[in-house]
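A.B. asks: Dropping a structure here in structure tokens format, bear with me for questions.
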Amino acid sequence: MVKLPAISKKPREIAKQKIIELAKKMYEDLMKGKRPKITMPIRSLSNAMFDKEKGSFTLVGKEKARTLTVNQAKIFAQTTKMLEFAKQLLETDDFSTLREAYYVSKNWGEARFDDQQASNNVIEDLEAALGVLREHLGFIPEEDGSSVVGPLKIIEETPEGELVVDCTKLGTGAYNIPNDVTKLNLETDADFILAIETSGMFARLNAERFWDKHNCILVSLKGVPARATRRFIKRLHEEHDLPVLVFTDGDPYGYLNIYRTLKVGSGKAIHLADKLSIPAARLIGVTPQDIIDYDLPTHPLKEQDIKRIKDGLKNDDFVRSFPEWQKALKQMLDMGVRAEQQSLAKYGLKYVVNTYLPEKIKDESTWLP
Amino acid sequence: MVGFMGDELFKEFKEHSVAEFFRKNKHMLGYSGKIRSLTTIIHELVTNSLDACEEAGILPDIKVEIEKLGADHYKVAVEDNGPGIPLEFIPKVFGKMLAGSKMHRFIQSRGQQGIGAAGVLLFSQITTGKPLKIITSTGDGNIYEVEVKMNVEKNEGEIVSKKVRKGKWRGTRVEGEFKEVSYNRGEFGPFEYLRRISLATPHAKIVLKDPYGEVVFDRVVNELPKKPEEMKPHPYGLTTDELLYIARKTKSKKVSSMLVSELSRVTTKRIKELINYMLRDLILKKFKDSVFWNMVVSCYLNIDIESYLNKFKDYITDDEIETVRMLIKNLPESLDELKRYALKYITMEYLFNKLSEEEINKLKNHFKKIPENFMEWAEKNYLSATVVDELNKKVKNIVKNPEEFIAEIKNKGLISDEELKKFEDEVKSILNKNPKELTWDEAEMIVNCLQSMEFMAPPTTGLRPIGAENIEKSLKELLQPDFVKAITRNPKTYKGGIPFAVEVAIAYGGNAGRQGDEGRRMEIMRFANHVPLLYDASACGLTKAVKSINWKRYGLRGEDAPITVFVNLISTFIPYTSAGKQAVACSENENEEIYNEIRHALMICGRELEKYLSRIRREAEEEKKRKYVMKYARIFAEALANILNKPVDEIEEKVVKLLE
């Protein structure tokens, strides 16, 4: 048994420290007769620039300040109450889902939230203002993560003692990534991670024990990956230096929504780009060239697919930073077709396990960045 | 209308007994319905008192007593501090139906019917058989107490008893008993009438004693208004009857000089023009029913109606063709009506040029409509405002000017120089006549000719508004509103020549508005020459003008608001919709000058109201916000104190200081 790294405690300790710092600053301002304020980076694309070196979006440094004025008194009180609540969560080693946080506010009198979106926004404000992930503040997403299987041990400290899950011993099932991965310790000697778009393909590869044959961890994405899934993969990637290979459908949604979110982050959480994105991820398939090379059955591109590609080519800094992606998307546009992962079943159910994936994993030149 | 009623009344008098006539026509004079009859009685007596006081330069002090004697049976007394009535005038004031002091005068006045006090006497007489009791003194130490009855044969008041006593008092008190009347303090009765007239007469004090108690409508202005000035009638508002009345009274020796001295905007130069117009009328009259008539008409009109009839004969009805031919035959009297058809045909011509044959055939049925309906349809579907303007202009000018007409008639050889000379002499002889000898036909011709000439609008200096400041004082006193704004607009004219002015006011909050089941609603107070109009509200153009305003734009939720809208129309001639004189005829299409003026004035007041309401709202919001903010201050202080383990109050104190 490897010694647990202190990684799960530390971010929470840092978060608590930052909360107190911010509160102190406000208090000092007040005592000087100055209006307290909370500054935070602006969370919109206008404040983001794609850093090709880093392979992710970085903030250009635009900030907004929330100052205690008559007009902002309500939101200021709410933000401070949420700060207090976060400190409480950290001190009691507890957590709260976003929805729970919203209901907790119902006890704040006039400062209560009338809808959850406003409450979520304040939590995101704190996330941005303090520069820490909201999970480290004790706020966990509503949504849990997806499934994992492979040579991986997940070790969790519980009141009943240490709990170990061995992801090679789950039969036909898989480990379900929890809402918050902060408290998990991960131990593995895998060679790489394979992230798979659909649960169907994940089930096929698990059934064929693909992870065993190739010494890899399989993670399903279930569409656009949830925050918990992204953090889980990022931690595996960073803590164990594992390459991340991604296997999606051969369509614009697979490329520009699923893969792109995993790799460079989403537009919504721009301030977290470097905390959630995995710039080292690579798409191994299904690429537009695969459709030709493997002569896959196709569907015509739908109108929104065409729109998505054109928009990506024109406006997406990510696409514009990679000539390979521009080429691939133009190629798809010219072909006018898309292909699903499952279309490989044309050559038999085991073809994807025995032929396609081994070939693709071996030949880096067929990947997309 | 006044002239018409007067004549009709005179004729009727000769044929029927006065009492019978009154019984038949009393509804036209305001005696219909029990409460309304009583209101009319009060109205006649109170306005007489107000007029008398103002005439004599006395601030009016008026007492009204209403006493219930039995079912639908009341005693009424109205007392003033006016100049008193000399004994010999009493039978005239209370006897003659059409004493006529107010008729035929071009002056802004409260009454316009000339029936006033006599009607009250008659109503008392036919419902109770009792005389009116008049107590009056001119302040000379003699107080007369007389009883007056109507001598129906002579159409004259008759004193049936007379007492004199000594005393220091001046004024007039009229007492009478009436049946078929009833009283309450409701919306349409004497109480509301007095409440409103006091509003429009801020210099009067009116005390009402009724079966429910005593109410004082106090004086809020201690100055008498300037008297309205009599204005000369303008040709456009003139009727034949009025011209004859003027002719009987004038000091001028000749008709032509009478026209110049008695009418507004008529000058010696315009008389020369008038001669040509009259000449044209005479020539037309001569050729009437002759075989040359159609030729004469073609000299008279700029357009050829007959050719239109031919052109459109498949589209219009035979009846219509016949009607129009009759109208041509009856020119020039039928000119106005003919113009309606001319407009239709010019419009049809426009449509025929514009639309394809196929489309025209689809519309076939519409061409059979009478001109008004046809125009309404056409305007809605095909005509832009500019086109409508152009078409109207064409029709306005379908008659050639008299010089052209005479020249053409001569050219065509229809008339010789000698004949023309004879007509000219005839015209001159009419204009040189002694006005007293002017006949109805001659007067009618002069009026018609004057009205086809172009005149400047009359001066409007004689009108006497209540004054915005006085209206505001009155409304404040009566309603204790939170907001009041009144405006008196400058005089203008309608129908081309009748002067009018508009006063409006808005009172909001307090006792403004009428209490309904679901809170206060908009109350509209209408006045014509300072006299309240209580009845026929929905038919009245003043109401329509108020309702046409989109009140939501001025910060109201609609008509469910504590708001009183005051509208006073002042004019030398109020255009009532009917003889009942309770509704003014004005709308978007009729006397629109009045309608638009009221709307305009209301919108100005409305903007002020809007400013007031939004200020109130803003203040309320700010107060509310301040309260809230202080709550947030506490919540913020608690949160910060908990994070840092500091005392709450110290933080809260600082925050409150920052936010105040």
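The values are calculated or read from the model by the stated rules, or taken from the named source; none is laboratory data. Keep in mind it's a predicted model, so treat the numbers as computed, not measured. Virtual Cβ from ideal backbone geometry, glycine too; neighbours counted across all protein chains shown. Just so you know, the surface numbers come from the protein's heavy atoms only, side chains and all, with ligands and any DNA or RNA stripped out. Shrake-Rupley method; radii C 1.70, N 1.55, O 1.52, S 1.80 Å.
A.B. asks: Of the numbered conditions (1) within 26 Å of residue B:110 (Cα to Cα); (2) polar (S, T, N, Q); (3) open to solvent by 30 Å² or more (accessible area, probe 1.4 Å), residue B:452 satisfies every one except a single condition; which is it?
C.D. replies: (1)
A.B. asks: Further, regarding this structure: Is it true that residue A:39 is more than 14 Å from chain B (Cβ to nearest Cβ), more than 20 Å from residue B:656 (Cα to Cα) and either touching a Leu at 6+ places or on another chain (Cβ under 9 Å) or surrounded by 15 or more Cβ atoms within 10 Å (Cβ to Cβ) (or both)? Full working, then the answer.
C.D. replies: Numbers: more than 14 Å from chain B (Cβ to nearest Cβ): yes; more than 20 Å from residue B:656 (Cα to Cα): yes; either touching a Leu at 6+ places or on another chain (Cβ under 9 Å) or surrounded by 15 or more Cβ atoms within 10 Å (Cβ to Cβ) (or both): no.
For residue A:39, the condition - more than 14 Å from chain B (Cβ to nearest Cβ), more than 20 Å from residue B:656 (Cα to Cα) and either touching a Leu at 6+ places or on another chain (Cβ under 9 Å) or surrounded by 15 or more Cβ atoms within 10 Å (Cβ to Cβ) (or both) - is not met.
A.B. asks: Between a first residue in segment A:180-192 that is of a type in the set (Asp, Glu) and a second residue that is at pLDDT 90 or above and open to solvent by 10 Å² or more (accessible area, probe 1.4 Å), which pairs have beta carbons less than 6 Å apart while being 6 or more apart in sequence or on different chains?
C.D. replies: A:187/A:153; A:191/A:215
A.B. asks: Return the residue satisfying two criteria in turn: it lies in segment A:94-109 and is more than 14 Å from chain B (Cβ to nearest Cβ) and part of a loop (DSSP other than H, G, I, E, B), and of such residues it is most open to solvent (accessible area, probe 1.4 Å).
C.D. replies: A:95
A.B. asks: Looking for something touching a residue at least 24 places away in the same chain (Cβ under 8 Å), open to solvent by 20 Å² or more (accessible area, probe 1.4 Å), outside any loop (DSSP other than H, G, I, E, B) and within 9 Å of another protein chain (Cβ to nearest Cβ) - is there at least one such residue anywhere in segment A:76-84?
C.D. replies: Looking through segment A:76-84, at least one residue is touching a residue at least 24 places away in the same chain (Cβ under 8 Å), open to solvent by 20 Å² or more (accessible area, probe 1.4 Å), outside any loop (DSSP other than H, G, I, E, B) and within 9 Å of another protein chain (Cβ to nearest Cβ).
A.B. asks: Only one of (1) open to solvent by 60 Å² or more (accessible area, probe 1.4 Å); (2) within 35 Å of the chain's Cα centre (by Cα) fails for residue B:323. Which number is that?
C.D. replies: (1)
A.B. asks: Could you please tell me which pairs satisfy a Cβ distance under 7 Å, a separation of 6+ or placement on different chains, a first residue in segment B:633-660 that is farther than 21 Å from residue A:107 by Cβ and assigned to a helix (DSSP H, G or I), and a second residue that is modelled with pLDDT of 90 or more and open to solvent by 10 Å² or more (accessible area, probe 1.4 Å)?
C.D. replies: B:654/A:31; B:658/A:35
A.B. asks: With touching a Ser or Thr at 6+ places or on another chain (Cβ under 7 Å), surrounded by fewer than 16 Cβ atoms within 10 Å (Cβ to Cβ), acidic (Asp, Glu) and in contact (Cβ under 8 Å) with a residue 24 or more places away in the chain as the only criterion, which of A:63, A:91 stands out? Full working, then the answer.
C.D. replies: On the way: A:91 fails: touching a Ser or Thr at 6+ places or on another chain (Cβ under 7 Å).
It is A:63.
A.B. asks: Sort through B:220, B:260 and tell me the only one that's among the β-branched types (Val, Ile, Thr) and not in a helix (DSSP H, G or I).
C.D. replies: B:220
A.B. asks: Would you check if residue B:573 is open to solvent by 10 Å² or more (accessible area, probe 1.4 Å) and among the aromatic types (Phe, Trp, Tyr)?
C.D. replies: Criteria met by residue B:573.
A.B. asks: Something else about it: Tell me, please, whether a residue that is open to solvent by 80 Å² or more (accessible area, probe 1.4 Å) and at positive phi can be found in segment B:296-313.
C.D. replies: no
A.B. asks: Just to be sure I understand, how many residues within segment A:289-311 are of a type in the set (Lys, Arg) and without any contact (Cβ under 8 Å) to a residue 12 or more places away in the chain?
C.D. replies: Counting residues in segment A:289-311 that are of a type in the set (Lys, Arg) and without any contact (Cβ under 8 Å) to a residue 12 or more places away in the chain gives 2.
A.B. asks: Given the condition modelled with pLDDT of 90 or more, within 28 Å of the chain's Cα centre (by Cα) and more than 14 Å from chain B (Cβ to nearest Cβ), answer yes or no: does some residue in segment A:47-67 qualify?
C.D. replies: The answer is no, given that none of the residues of segment A:47-67 is modelled with pLDDT of 90 or more, within 28 Å of the chain's Cα centre (by Cα) and more than 14 Å from chain B (Cβ to nearest Cβ).
A.B. asks: Among the residues of segment B:123-167 satisfying the criterion of being of a type in the set (Gly, Ala, Ser) and surrounded by 19 or more Cβ atoms within 10 Å (Cβ to Cβ), which is nearest to residue B:26 (Cα to Cα)? Working first, answer last.
C.D. replies: We begin by selecting, within segment B:123-167, every residue of a type in the set (Gly, Ala, Ser); these are B:124, B:129, B:137, B:139, B:141, B:157, B:161, B:167.
Restricting the remaining residues to those that are surrounded by 19 or more Cβ atoms within 10 Å (Cβ to Cβ) gives B:124, B:137, B:157.
Numbers: B:124: 12, B:137: 31, B:157: 18 Å.
Only one residue tops the list, namely B:124.
A.B. asks: A further question follows. What are the residues in segment B:257-284 that are polar (S, T, N, Q) and open to solvent by 20 Å² or more (accessible area, probe 1.4 Å), if any?
C.D. replies: Once the filter is applied, which keeps residues that are polar (S, T, N, Q) and open to solvent by 20 Å² or more (accessible area, probe 1.4 Å), segment B:257-284 yields B:257, B:261, B:267, B:268, B:276.
A.B. asks: To continue, here is another question. Identify, by number, the condition in (1) open to solvent by 30 Å² or more (accessible area, probe 1.4 Å); (2) closer than 26 Å to residue B:193 by Cβ; (3) within 21 Å of the chain's Cα centre (by Cα) that residue B:466 doesn't meet.
C.D. replies: Condition (1) is where residue B:466 drops out.
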